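Asker: Sharing a structure here in structure tokens format.
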Amino acid sequence: MTGITSFGAYIPFYRLTHREIARAWGGRAGEGERAVANADEDSITMAVEAVRDLLGSSEGRDVDGLIFATTTSPYSEKQVSAMIATVADLRHDVRTTDYSGSLRSATTAILAAIDSVKAGSASNVIVTAADTRLGAPKSASERIFGDAASALQLGGDKVIAALIASHSTTDEMTDVWRGSGDQFVSGWEERFSVTQGYQRVVRQAVSELFERSAIGPSEISKAIFYAPDQGSLAAVAKSLGLKAEQIPDHLFSSVGNSGTAMPLLVLSSVLETASAGEKLLVVGYGSGSDALLFEVTDEIENAKKSERRGVKGHLASKTNLDSYERYAKFRELIDTEGARRQAPSASAPVIWRRSDDIYKLHGYRCLNCGKIQYPQQRVCISCQSKDSFESVRLADKRASLFTFTLDFLNADPDPPSVMSVIDFEGGGRAYMMMTDRNPAEVKIGQEVEMTFRRMYEAEGFVNYYWKCRPVR
């Protein structure tokens, strides 16, 4: 039996209401909101968060592979799944792969991961998907799109949802696209792209799955689709003979269309309350379709005991952006005067030499006196012993705010910068920026947690590092 063995999710802290978008551009508002990645977030940082939510307190030593699915990688030429695996502190001998360029890359990645497990080349593979797609200002896509990430672990031991059938189709169609130099997603006229594209292709793939598996729509407990919008979802579900109660909340009014991550995110939400014996249909779409059928096992009850924040926890932990203009600054949709400071610099050799500090956030415990310090130094600051340390994972530890200052002059897209000194549980002190915060509510002694974020772009590449944030 092969299938899903664990799951995780991530939804950014910020939301932008449909009413606020309507205020900026005029027109009808409608109810609901969309999730908005912070200015220091992208598809890499969100995927890291989803993987960390999946792993929980586990160190991931049994993970053999990691696949990253996205249409919004920060790089055209660089394997970012390797960075995600490094930040998650997985083994160095895991197999990493990027699946990009298609909205159905996540479901295709799931099938590839399961094939690897069945073939015996891997025991456990993580598939994580994230997207931060941009719709043009004032477009329907700007309101519908949302930023999020999700992760599944596929394996053959302690399976919580076994794959019992799958079917894939290929159908070349230019319905939705984004060129290499394009900032915004483009699409053909909706009556063509939705009816002759999405609905026709998905209906064909799922109908053929039902026929080949001898399982009908009435046997499906929950049907999970990638869908461009709520109306298209309802239409394709009805055409397949599925009833309204079989379609779970696809989070259109609370997160938005999260692109590649959408099927995995909704599946994670369903698994949080699933029961043994339920059959779950999962459908991806993009130049064809993947239709996957899972059956939930008794192991689901053990999975529910995990301390993951999950979809439910992330939906509950949020704050609304106070203006559309703030969102526009986050996404660099408007030009503002830059800080009159020296341009940032970067060094690939330094990052490589200090990757344990920068990416893994390892602290160092003195083997002589037990003092934990960060970053790495040769001499213990307590007992002065030399070159006698062992590494300690700090990314999973919470910390308290020792002191802070508000910097209004720093080059920050969301000023002021909250420059913080934090003390980790069990020892260790670090200096870092605070994100996802309200500067007026920051106070000494506040409990914070670690989060991996973008810092700045220099020398042609993005620099990433850890920040602290108030516990969500």
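Asker: When the helix-only estimate is applied to the chain (DSSP H runs of n ≥ 4, each -39,500 (n - 2.57), divided by the residue count), what is the mean residue ellipticity at 222 nm, nearest 500 deg cm²/dmol?
Answerer: Mean residue ellipticity at 222 nm (helix-derived): -6500 deg cm²/dmol.
Asker: Can you spot the lysines whose alpha carbon is less than 19 Å from Lys138's alpha carbon? Ignore those fewer than 8 places along the same chain.
Answerer: Straight-distance partners of Lys138: Lys329.
Asker: A further question follows. Hey, what's the range 60-211 come to in accessible area per residue, 1.4 Å probe, Å²?
Answerer: Each residue of the range 60-211 exposes 43 Å² on average to a 1.4 Å probe.
Asker: Another question about this same structure. Could I have the simple spin-label model distance between Glu307 and Glu447, label points 7 Å from Cα toward Cβ, reported in nm to one decimal?
Answerer: Calculated label separation equals 1.0 nm.
Asker: For Lys222, give me every one of the lysines with a C-alpha distance below 23 angstrom, ignoring sequence neighbours fewer than eight places off in its own chain.
Answerer: Output for Lys222: Lys158, Lys238, Lys243, Lys279, Lys304, Lys305, Lys312.
Asker: Hey, another quick one. Using the heavy atoms of the protein chains alone and a 1.4 angstrom probe, what is the accessible area of the range 239-297 per residue in square angstrom?
Answerer: Normalised by residue count, the accessible surface of the range 239-297 is 24 Å².
Asker: Continuing with the same structure: Which FRET efficiency value, to the nearest 0.05, do you get for Ala244 and Arg203 by plugging their Cβ-Cβ distance into 1/(1 + (r/R0)^6) with R0 = 22 Å?
Answerer: 0.80
Asker: Jot down the per residue volume, in cubic angstrom and as a whole number, of the convex hull over the alpha-carbon atoms of the chain.
Answerer: Each residue corresponds to 152 Å³ of Cα convex hull volume.
Asker: Now for a separate question. If one takes the longest principal axis of the Cα atoms in the chain, at what angle in degrees, from 0 to 90 and to the nearest 10, does the Cα axis of helix 262-271 lie?
Answerer: It is inclined by approximately 90 degrees.
Asker: Count charges around Met433 for me, please; just the other residues with Cβ under 12 Å from its Cβ, Lys/Arg as +1, Asp/Glu as -1.
Answerer: Overall, the nearby charge balance is 0.
Asker: Show the residues, 5+ positions off or on another chain, whose built amide H is closer than 5 Å to the amide H of Gly288.
Answerer: Asp171
Asker: Tally Lys and Arg at +1 and Asp and Glu at -1 over the other residues with C-beta under 9 Å from the C-beta of Phe389: what net charge comes out?
Answerer: Within the 9 Å Cβ shell, the charges total 0.
Asker: Quick one: Debye curve from the alpha-carbon atoms of the range 233-355 only, equal weights, vacuum; give me log10 I(q)/I(0) at q = 0.13 Å⁻¹ to two decimals.
Answerer: Ignoring solvent entirely, the Cα scatterers give -0.82.
Asker: Compute the acute angle (0 to 90°) between the alpha-carbon long axis of helix 200-213 and the principal axis of greatest extent of the alpha-carbon atoms of the chain; round to the nearest 10°.
Answerer: With both axes taken from Cα atoms, the answer is about 80 degrees.
Asker: Same structure, new question: Give me the one-decimal nm value for the distance between modelled label points at Glu457 and Glu31, 7 Å along each residue's Cα-to-Cβ direction.
Answerer: Taking the simple label geometry, Glu457 and Glu31 are separated by 3.9 nm.
Asker: Just the number please: accessible area per residue for the range 302-443, 1.4 Å probe, all protein chains included, in Å².
Answerer: Computed with neighbouring chains in place, this is 59 Å² per residue.
Asker: Normalise the Cα radius of gyration of the range 143-245 by 2.2 N^0.38 Å (N = residues in it) and let me know the number.
Answerer: 1.26
Asker: In percent, what relative contact order does the chain have, based on Cα pairs under 8 Å that are 6 or more apart in sequence?
Answerer: Once divided by the residue count of the chain, the mean separation gives 17 percent.
Asker: Give, as a single signed number, the net charge of other residues whose beta carbon lies under 13 Å from the beta carbon of Asp290, with Lys and Arg counted +1 and Asp and Glu -1.
Answerer: Residues close to Asp290 contribute a combined charge of -2.
Asker: If a cysteine in the chain has no other Cys Cβ under 4.7 Å from its own Cβ, put it on the list, ordered by number.
Answerer: Here Cys468 come out as lacking a disulfide-compatible partner, given the Cβ-Cβ threshold of under 4.7 Å.
Asker: On the accessible surface of the chain, probed at 1.4 Å, how many percent belong to carbon and sulfur atoms?
Answerer: 47
The values are calculated or read from the model by the stated rules, or taken from the named source; none is laboratory data. Because the structure is predicted, anything quoted here is derived from the model rather than measured. No Cβ is skipped: glycine too gets one built from the backbone with ideal geometry, and neighbour counts run over all protein chains shown. Side chains included, ligands, DNA and RNA excluded: accessible areas come from the protein's heavy atoms. Shrake-Rupley method; radii C 1.70, N 1.55, O 1.52, S 1.80 Å.
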